[in-house]
Structures are given as structure tokens and as C-alpha cells.
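Written below as C-alpha cells is the structure these notes are about.
The values are calculated or read from the model by the stated rules, or taken from the named source; none is laboratory data. If you're wondering where the values come from, they're calculated on a predicted model, not measured in any experiment. FYI the Cβ positions are ideal-geometry reconstructions off the backbone, even for glycines, and counts take in every protein chain you see.
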């Protein structure tokens, strides 16, 4: 990169430059807060953890292969939305991966150790650890670089490894570890610290709200029903922030006769272990499975949340013990019901332009790409796509847990979310559908920070709630809430 | 000089090839072992081999990926075709092999070989200048990322000159010696540099499929070893 680009991005370079400072300070100037920890002897501790990781996991094979095969072709730089925005070489996925490969080659290969004996060895320093810590949380773990690496280098896996090691030595964003602590060791066992009574109250309130909106009182939020087919785990923050998503979920489940329940023992699909540490990831997965077993449920249904879906889908079979329950995302259910003709959606309600944002965690590997689009096309007259989309989508900019790190907002929306903001603007959409709690938070902040006027960020089931037709309930056309922003005044006047 | 030439294309060449073959065989064995081990240690056996195969083929024949950074990608593809096809199907090389081990195969017509050689050199020079000229590539490049392509130019250029005495300003024997020695060096360096990707590429998409299927209790075993097991978060 040239010097001018470096200057343009001064705040980020400044952060990296500070972390390069040779003086070891008691509180390190990362762009995220961390809790106080024992900062002595960090390189040795880092190597101890890494040695244990290599011994007990299979990471050594991949580090070995990636060390040999990496050609530094820089294709990952082309596809990384962060590097594309900052132009800072520190943000190139291959550069980040090299931070751990370098440690591996020096301390865990024969040639590295021999070179050290000969006296010209690079040594792991506090400065390197600081650079790594800053770098891995600049990455939103969107894995776009992974599917675009000609050599197959899984940069996200390398970031995952670095995050795990650094968490073990105490370098982990406070926002993430506090959430995990509450989920695993707190009284409520969920990341938003919602007591069971409050969750039950919320569900009752949502039932009343549904009764009012649909003039129909049969839609329920079943709690602790034994032997239900699905145990439902939305991102727990939905109980606080996404009433429409949850009501949409409940309406679909009711209309399609789904056998489902919410467990009072554990009702949080969020798994920030995915972003920081496999030990936490594993324990959170085990909590999910335990709750399903307690209720005698058959399957896990994850709500509208990308990382919760991926953690459950990918890691219940890994960490969930023998005969792990099947994992389904709520959109899979809704899509199946729609194609089987068991779900009626009114195609005349949503006339505004609607676009869809693919959450990386469900789209990148091609898991859920077409199904939400087919659902949307079934009832949206004006559905437009972003470019690129699907497997090649751009991250919202809040991936990898960064969305929960409030002190990184300027970076997240300004740099991480720049490409997404441009994409949204280009669609001219009124409704931006993002079936992910994290994406929604980030996208609302993008809409605010980039002044994308008139864009409303919603979940897929929020829109379904507006258009669903349930026999016996008030028809969708009659319960349309006229939005003053788009109201057809003449038509409204004519209709009285 | 004749003895030097005979040594370079005889014992030295055989040694280089032996080092390359054994080195790559070791790399392959280690990689395959890693993949098998990861599969065996994981509780999750539901691997999408289809997706892995698709990804592998997708990158071995990267036509779909030419859109992104199309010029660089196209140069890269042409270079790779040239660097593999030219030495393997060059008539002079095949004749040498036939003389020593009695094996021969189809050879490129002379003109095609010339075009391919020059194309390889030109695309390689473009790739090197692309690396020097791009901030991103420069930011992540190591010494070998310049040295290896620079080295590969030598046998191609010297080979071309040796085959065209009319164009060659240098005497034949020194040109040929440079050609063979530089080729030997390229061959011997394969297992020790990024050139190893020539053998490992067909396997390199598999780790992404298998690596996330961690051994079920590994995080706890790590914690036990480093003494953090049971410690409050």
C-alpha cells in the first residue's frame, strides 16, 4: 500500500502503532476493553497454551500444511471487505494468519528450533502478542477469504486458534467474556441475564400482543412442554429487542402445527464461545443438549441468529456427546412448511422494496442461501438482491463477536460496515431483512451512522408476521398498520 | 565444461529429483495422516466429501475464479500451464529421458514449445511485477516470494537461448550449464519452499472441511495441561 492510504486510515494504524510500542504497559491500548489479568511473562504463557493446543487438538496438522503451502498470492486481500476499506496490510487475512504461522515455525518445527540454535531466531514478544490481539478482533470472522483462498488456507480457523490461545492467557474482549460468564456461571444461564420469570412474562406479553393484533388468542409460547419435537433457542436478546421476530416465529409454528417448546432451564442460543474459546463453546453446546434431554425433546430449533445457528449446527455433533440432536434453523422449518403448502402468506401486503442480507454464518458454506429468498419472493412484490450475495456476501461488519463490543462501534460501522452500507444504499430498499440478531444490531447502527434514511432493519419472521394468514384470525389485509412514511394518503382517504 | 554438463544433467539432476520426490512424498504422507487423524478423533463423521471435492476441483481448474482480479488471475493460470507443460513435454527433455531410462511420451512441436516458453517467462515477469506493484501483495511477501519466481525465470530463459543459438549472445555450453543447474536448484527447492503446493494443492481444501470437527474433549485436556481447568471464567 502507499503511504497516503496509510495516512488516510490513521486511527487504525495509530492503534496498531501503539500496540507496537516496546514499552510494556499495565493496561494495553487495544481497541476493545479487557479485564485486568496477570500480564507477566505473556510470551511463555502463550507458548505453553499453544503447545497444549497442538498436543490435544489437530491444529498442528493444519499449521504444518499452511506453513508449507502458503504462496502469499494476496487474493484474500482482494476479497476481504476490511482490507478493501482500510488498505492497511495488517488487515490482509494472509498477514494475520502469518502471525500464528510464524510462532509455529519458530517454536514447533525442527527447522525453527535449529535456526534458533544458530542464533538468528525471531522471538515471540509482547509486541507480537499485542499485534495479534488487535488483529484478530479487527477480523469479523466472515470467512470470505477462506472460500476464496486458492490454496485452501482457512484463515478463519487460524483466527479462531489465536483467539482461543489469547483468551487462555487473559487477552479477550471484556464484552464477550462477561456474556459467556453469565451464560455458563451466572444465575440466569443466558447472555442477557434475563431471569426465567422475566422470560415467562415476556412470552405472556407477546401472546397478548398477538391476540390483539390478530384478534385470535390461540397462538402460544409453550414453556417446558415435555416431549416436544423442537426445543426453541433464539438469540436470547430477541426477548428484549425483537418482539416481532419472536411473534412471527410463534405464529408460523402455530399455523403449521409445529410441536415446539421453550425450555426454562436454558433458552439462549447465543454462543460467544465460537468467537473466543472452544472450552466455552463446548460447554455452551452441552448446556443446549442438556436442556433438550431434560425436556425429552427431539431436535434443536435455532431462531433467527447466524452464529447461534452455525455453532449449534456445526458443534452439537462435535461437542454434543453420543447421538446428538439434530439442529434446524427456524427458516428451514418455515421454508419447508411453505413448500408443503401448510403456510399461507398474503402477497399483497408488502409492496415496498425488500432486500435480504445473508448472515455469514449460515450462508458462507452454502447452508441457508436460497430458502429465505424463496420465502420472501412468495410474499414480497419488490424483492431486490444485493451484489455480491449468498455465499459471497459481504459481512455486516459486526461478525466474530465484534457487534457486542460497543467501544468498537466506530470501527465496526465505519470500516467493517462500509461495504455493506454501500450495498444497502444501492438497493434502495425500505425493508432490509437480516435473519440474525447480531447482524440486525450492527445493521441498525450502520443505518444510523451512514445515514441510510428510510431503511428499516427487520427479521424475516417480522415480515411474515405482517402477511401470515391464519384461519380464524384477522386477515392480514385488515391488520395492516399503515406506516406514515409510505402511506398512500389518497388511497387511505378513499378507503375512509 | 563437458564433464560439468554431464554431472549437472546426470547425478546432480537425479539427486535433485530424488530429494523432490522423497520430500513431496513425506509432505503428502504427513498431510494425509493429519486428515485421517482429524477424522478419526472427531465424533462428527458427517463430512461433506462432495463439498470438499467440489472446492478442490473448483481451484484445480479455476475458470470460475477468473472474474476477480481477472488479469492477474489469467496470467497466473497461463503461467501455471506453461511451467508444467513446457518442461514435461519438451522434445529435448524427452529424448534425454529416453536415452537414460528408455521412457518417452508425446512431445510439443518446436514452435509450440517456443511460444509456451516465452509465454511462461512473460507471465512470470508480469506476476513478479504485479507482486512488486501491489501494496497488498508487497505487504505480505517474503524473500522467497520474489526469489523463487526470479529463479524460475532462469531455466526457462537459458533453455530458450540454448535452443536458439542464433539468438543467444552467449556460448552454448555455459548457457546449457546455467540452464541445468538452475533447473536442478528449482527441483531441489520444491519440498523446502512454497513450491511444495504443486503436490499438496489437491489436498489443501480438505482441512477446512475437517479441521472444525475438533476432538470432543480437547478443550478440557488443554485446560488440564495448562492448569486452568475448573477455574472460574
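Overview of values
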{"quantity": "Qualifying residue in the range A:197-219 (condition: on the phi > 0 side of the Ramachandran plot and either in contact with a strand residue (DSSP E or B) (Cβ under 6 Å, 6 or more places away or on another chain) or surrounded by 19 or more Cβ atoms within 10 Å (Cβ to Cβ) (or both))", "calculated": "no"}
{"quantity": "Condition broken by residue A:321, with the remaining ones in (1) touching a residue at least 40 places away in the same chain (Cβ under 8 Å); (2) within 21 Å of residue B:221 (Cβ to Cβ) satisfied", "calculated": "(1)"}
{"quantity": "Among residues of the range A:44-57, those that are at the interface with another protein chain (Cβ under 7 Å from one of its Cβ atoms) and crowded, with 23+ Cβ neighbours inside 10 Å, counted", "calculated": "1"}
{"quantity": "Only listed residue being surrounded by fewer than 17 Cβ atoms within 10 Å (Cβ to Cβ), at the interface with chain A (Cβ under 7 Å from one of its Cβ atoms), touching a helix residue (DSSP H, G or I) at 6+ places or on another chain (Cβ under 7 Å) and at negative phi, chosen from B:232, B:211, B:136", "calculated": "B:232"}
{"quantity": "Wholly within the range A:275-363, strands (runs of 3 or more DSSP E) carrying at least 3 residues that are within 30 Å of residue A:59 (Cβ to Cβ) and more than 14 Å from chain B (Cβ to nearest Cβ)", "calculated": "none"}
{"quantity": "Qualifying position, being modelled with pLDDT of 95 or more and under 14 Å from the mean Cα position of the chain (by Cα), among B:177, B:151", "calculated": "B:151"}
{"quantity": "Qualifying residue in the range A:59-75 (condition: more than 12 Å from chain B (Cβ to nearest Cβ) and either surrounded by fewer than 18 Cβ atoms within 10 Å (Cβ to Cβ) or more than 26 Å from residue B:222 (Cβ to Cβ) (or both))", "calculated": "no"}
{"quantity": "Residues of the range B:217-229 satisfying the condition of being in a helix (DSSP H, G or I) and more than 8 Å from chain A (Cβ to nearest Cβ)", "calculated": "B:224"}
{"quantity": "Unique residue being assigned to a helix (DSSP H, G or I), facing chain A (nearest Cβ under 7 Å) and under 16 Å from the mean Cα position of the chain (by Cα) when the list is B:189, B:200", "calculated": "B:200"}
{"quantity": "Helices (runs of 4 or more DSSP H) completely within the range B:12-129 that count 1 or more residues being within 14 Å of chain A (Cβ to nearest Cβ) and closer than 30 Å to residue B:176 by Cβ", "calculated": "B:13-41, B:70-88"}
{"quantity": "Helices (runs of 4 or more DSSP H) lying entirely in the range A:125-203 (those with 1 or more residues that are facing chain B (nearest Cβ under 9 Å), in contact (Cβ under 8 Å) with a residue 60 or more places away in the chain and more than 19 Å from residue A:412 (Cβ to Cβ))", "calculated": "A:144-147, A:155-168, A:174-185"}
